[in-house]
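Have a look at the structure below before the remarks.
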Amino acid sequence: MLKALKEIRMPVVALLIVALLAGALVVLPGTALGLGDIIKVFGIGYAVSAFSKPINDFINRAMGEQEAAVMGATKVVPILSVGTGGFIGAAQVVGAPDKVRTVQAVGQLETRFEDRFSMRVLIPITTKRVTGRGAPKGVSGTGVSALVDFRI
Amino acid sequence: MRPILVRWAVPAIAVVLLAVMVGVVYAAIATSRPVTLDGREAGEVLVDGQVVFRVRTDAGGFTAEQRAAQVADRLNDALQAGAGPQDVRATTVAGNQVVMARDMLIITADPAEAAANGLTPEQLAREWQGNLVVALGGERPPSGPPPREGDVDWTGQADKVVPILSVGTPGISLGAARVSGPRDKIAATKAVAQLNAEFQRTARIRAFIPVSDLNITRPKRVQGVSVNALIDMRLVGF
């Protein structure tokens, strides 16, 4: 009896772990877990993907309330540091609908000049990877209309 | 021969001047006034004394009356720029139903305003468009699907650096931004208004609105212009 219990214990534990992981992976916006929880568990990249639409709608609504709505397509994508390749926030990009559709991320390049000025160059790009071979391809006719910083 | 020319020249010039003055005087003028509708304070926007919009709800930190005054100001800007009934349209901008005059946003038919009028946002925008067109001497446009977003030129032909000004605290500069867009739009851009907001207490949002006027208490967005770099200046070195 004890041996039989031992034999079935491993698969049961494995099954439980898989069930827990699966439960966590199907967490979507609108469930009890908020943006902060998602960032802590899965990181900024996943959180931006999961919350892209609600954040985009929130920004557009805020601009609409100021009677400053943008005439163009908008989308929220992660910001990638060109130096490290890591996700460091999110940005709302704006432009013609066919161009915005191709944007996957915003590449950020930080530079300093004359010792007093620092510049964050923000380039909408067609990939979510900026490390490795080849420079990321910028999307002309698009730009940034909002930045999103996360508290972790 | 010469006295005859002189005799005719004076009345001719007078007639031309009169025509120009009549043209200037005849341009429609938008005004606003506070009203009480169903026991609630609201604002009306009028064109030459004819009511075109009724603003019933507060939004963006402004009362309905203040919003009506802002709409009248924007409408006057559009009319002074030569906008006529043919330039007025109801359209969708970033998911918002709006009324535009040329490329100037006049009023947003947000869901709360539409609900207060017993209409959908799209129906309200179309209703307002019709009222404005009629007040400007045009014919009420037939019902049909409104044009969609995407008819603005977003080509980055030119760029320049402008100051970033805070919407929340007017007069406070928050650095500078490099903006890009079509040449004429970049020429019209004077600053970038920064609007701060918070999403779910976890995300701090800074929205950038390229504007054509340094008075950003009512930002006048320049469509087709976006930000492609932010510049910070270190004021004190350690």
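Read-outs throughout are calculated quantities, based only on the coordinates presented, and are distinct from any laboratory measurement. Only a predicted model underlies this, so the values are computations on that prediction, with no experimental measurement involved. Please note: Cβ atoms are built from the backbone with ideal geometry, for glycine as well, and neighbour counts cover all protein chains shown.
Near B:Ala177, once Lys and Arg are set to +1 and Asp and Glu to -1 for all other residues with Cβ below 13 Å from its Cβ, the sum equals +3. Check each of the trypsin sites (Lys or Arg not before Pro) in the stretch B:178-238 and keep only those in coil by DSSP with at most 12 other C-beta atoms within 10 angstrom; list them in order. When the trypsin sites (Lys or Arg not before Pro) of the stretch B:178-238 are filtered for loop state and at most 12 Cβ neighbours within 10 Å, B:Arg201, B:Arg234 remain.
Based on alpha-carbon centroids, what's the gap between the stretch B:44-84 and the stretch A:62-104 in Å, whole number please? If we compute the Cα centre of each part, the gap is 30 Å.
Taking a ≥ b ≥ c as the square roots of the Cα gyration tensor eigenvalues, the stretch B:157-237 comes out prolate, since a/c reaches at least 1.5 and a/b is larger than b/c. Once both labels are positioned 7 Å from their Cα atoms along Cα-to-Cβ, the gap between A:Lys40 and B:Asn76 label points is 5.3 nm.
Summing +1 for each Lys or Arg and -1 for each Asp or Glu, what net charge is found among the other residues whose Cβ lies under 14 Å from the Cβ of B:Pro85?
Spelling it out: positives minus negatives among the neighbours equals 0.
Over all pairs of different C-alpha atoms, the stretch B:37-101 has a mean inverse distance whose reciprocal, the Kirkwood radius, equals 12.9 Å.
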